[in-house]
Amino acid sequence: MPFRTSRFLGNPGLRWRFAGAAAGAVIVLAGSACSPVRSIESADVPAWRATALPQASGIVLEDAGKILNRDRIVKAATEVPAGRYTLTVSCDGGGKAFFEVLLDGRRLTEAGAACNGSRETARISVPTAGTVEISTASVDAPLIYAYHLAPAA
């Protein structure tokens, strides 16, 4: 039987039930909007990292931590062999994080990740052996991040 507006408007019992359900939904939504946000400053980064990134073998460079301001965090690995690699990144806390990859000071690529707990991957070709640096930054601090660079499968 199709829904008829006239039947709904003419039935006070249905109007009250609908109004009660709508009020309940508003209360639930308002309560969730005001619930405290998990503090990045007190986040357990190693525990989060264990679930945020998959296991990988042969990792040549990795890091995890907190970005509490807009400063870049740079990690380097020397004597990284030439080859194809996968950069896997994740972050949480809102906004976006950026990961710039350099080889001996020359930019190879940049990857970004939405900081909602999702995981992103980028394929990277290292043309010659050398020092690989990965800098992590965000204008949306505070957030937590993790990445690893491993040979492509």
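See the values below:
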item: Hey, V60 modelled with pLDDT of 95 or more, surrounded by 10 or more Cβ atoms within 10 Å (Cβ to Cβ) and more than 22 Å from A114 (Cβ to Cβ) or not; result: yes
item: Tally, over segment 134-153, of residues that are farther than 13 Å from I67 by Cβ and surrounded by fewer than 18 Cβ atoms within 10 Å (Cβ to Cβ); result: 3
item: Residue among C115, C91 that alone is more than 24 Å from A153 (Cα to Cα) and not charged (D, E, K, R); result: C115
item: Set I40, I67: member being outside the structural domain of G130 (by TED's automatic domain parsing), modelled with pLDDT of 55 or more, farther than 18 Å from A122 by Cβ and surrounded by 11 or more Cβ atoms within 10 Å (Cβ to Cβ); result: I40
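Residues are listed down the side, and each one gets a yes or a no for (1) touching a helix residue (DSSP H, G or I) at 6+ places or on another chain (Cβ under 8 Å); (2) at pLDDT below 95:
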residue: T109; (1), (2): no, no
residue: E120; (1), (2): no, no
residue: G130; (1), (2): no, no
residue: E133; (1), (2): no, no
residue: A137; (1), (2): no, no
residue: D140; (1), (2): no, yes
residue: A146; (1), (2): yes, no
residue: L149; (1), (2): no, no
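The values are calculated or read from the model by the stated rules, or taken from the named source; none is laboratory data. All of these numbers come straight from a predicted model, not from anything done at the bench. No Cβ is skipped: glycine too gets one built from the backbone with ideal geometry, and neighbour counts run over all protein chains shown.
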